[in-house]
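Since the structure comes first, as structure tokens, the remarks are kept for the end.
The values are calculated or read from the model by the stated rules, or taken from the named source; none is laboratory data. What you see is a predicted model, and the numbers here were worked out from it, not measured in a lab. Glycine also receives a Cβ, built like all others from the backbone with ideal geometry; neighbour counts cover every protein chain displayed. Protein only, heavy atoms only, side chains kept; ligands, DNA and RNA dropped before computing areas. Shrake-Rupley method; radii C 1.70, N 1.55, O 1.52, S 1.80 Å.
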Amino acid sequence: AGILPVVAGLLLAVAAGGRGTAGEKESPAGGRFVCTSLPLDAAGSGCPLPPLPAQGGSLPPEEELKATVLQLRETVLQQKETIGSQREAIRELTGKLSRCEVTDGKGPWKKEKGKDTMGDLPRDPAQVIDQLSRTMQTLKDRLESLEHQLRANVSYAALPSDLREMLQRRLAELERQLLSKVAELEDEKSLLHNETSAHRQKTETALNALLERVSELEKGNSAFKSPDEFKVSLPLRTNYLYGKIKKTLPELYAFTVCLWLRSSASPGIGTPFSYAVPGQANEIVLIEWGNNPIELLINDKVAQLPLFISDGKWHHICITWTTRDGMWEAFQDGEKLGTGENLAPWHPIKPGGVLILGQEQDTVGGRFDATQAFVGEMSQFNIWDRVLKAEDIMNIANCSTNMPGNIVPWVDNNVDVFGGATKWPVETCEERLLDL
């Protein structure tokens, strides 16, 4: 309401100047104008305000207020129409103002370059509106920037907590992996050579056995305490040198027996092992006696095996058998040399007997015959309660895997020696290479 009278007064002044009447003279050059500022009260007559309703009339206060509001609304609409109709005049006025010299009644006041010389005169409403729009847009942009920074700051403030949580999760994961690896290494250490759970302390035992072995060798003692890398030596054909397996057999419906042996005894190498049970001394026997071929006895039934092992070199022997049709197989150095059937078919191996290395039993655990004794060395005597696959037997024979027997494994504390038989440290596969 304060700007509109000024604008109206200015419009009247410029309009009058255009006609050469009120306070403005056309400059001698014809391109500029001499302008004189008009006071606000001088412009009031050119833009009279609509009369307000009389106060203190007979109307109630509510009605008077309502009438005043309606009158002001009409006034605003009229002023908007006036501004719209005078836009062209405003633009013309702006053009003239840019070329005029303003006087204050005492003389011309020349506009200084780069400086607003119009005093209190209003600017072009279009420019004011445009400037307000730009200002509002600038404020809006700054507000959005502040909100973005605020969100960013909140995010950054939360980042360290998230980072800590992430690091804690990562550290926990790494810790679990480390513990898993440590446990895995412990298992590998305790299950060296893929042995069963009975050898969980193999590494410690091997180290202790090595220290004891060094001490024993220094003292000239031939005893040996290694878990599995040892051999039993039976150098004489007597009825008192033998080894005994402490662990007995359960009832078996199939088995695989494997061992390394070396012998050059003649005639025949004797009895590498025998298993006797009450009522049957020849429950399982492997024997080469006199000039006879090597034989496998099960429940006193006999099968001749095509094996040739008396050349004084290390050989790997495996024998498989199943009660189903009495099927048997014979392997030498990983190669199957023979197979057959009807060897004690449907007869389960009886449990609770005695397993002897190097002697043939005529009674359970005794009555050895020197002519049937084994002469030579043996190692890695293992028994499984199933028929091993041919490829497993080949892998054992060529030293590419170590498979301890699940019924009888070759471990030092499971073998006792008697009568002068000895246990010596040996790596059978390394000794075998010396024979090739």
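Can you tell me the length gained on complete extension of the stretch GLU341 to LEU174, counting 0.36 nm per residue apart and subtracting the Cα distance?
My answer for the length gained is 54.4 nm.
Show me the ranking of peptides 254-260, 336-342 by mean Cβ neighbours inside 10 Å, starting with the highest.
254-260, 336-342
Sum up the charges of everything whose Cβ sits under 10 Å from the Cβ of LEU343, counting Lys and Arg as +1 and Asp and Glu as -1, but leave LEU343 out.
Taking every Cβ under 10 Å from that of LEU343, the sum is -1.
Radius of gyration and Dmax for segment 350-403's Cα atoms, expressed in Å?
Radius of gyration, then largest Cα-Cα span, for segment 350-403: 15.0, 39 Å.
Just to be sure I understand the model, the point goes 7 Å from the Cα along the line to the Cβ. What's the resulting LYS66 to LYS301 distance in nm?
12.4 nm
Accessible area per residue, 1.4 Å probe, Å², for segment 230-434: what's the number?
Value for segment 230-434: 40 Å² per residue.
Non-local amide H neighbours of GLN280 (under 5 Å, H modeled in plane, Pro and chain starts lacking H): which ones?
It is none; the list stays empty.
Could you work out how much longer the chain between THR75 and ASN406 gets when fully extended? Use 0.36 nm per residue separation minus the Cα distance between them, nm to one decimal.
108.1 nm
Run the quick spin-label model on ASP325 and ASP141: label points 7 Å from Cα toward the beta carbon, then report their separation in nm to one decimal.
9.5 nm
What are the extents of the Cα atoms of segment 230-434 along their three principal axes, listed from largest to smallest and rounded to whole Å?
40, 39, 35
Using R₀ = 51 Å, calculate the FRET efficiency as 1/(1 + (r/R₀)^6) where r is the Cβ-Cβ separation of LEU191 and ARG367; round to 0.05.
0.80
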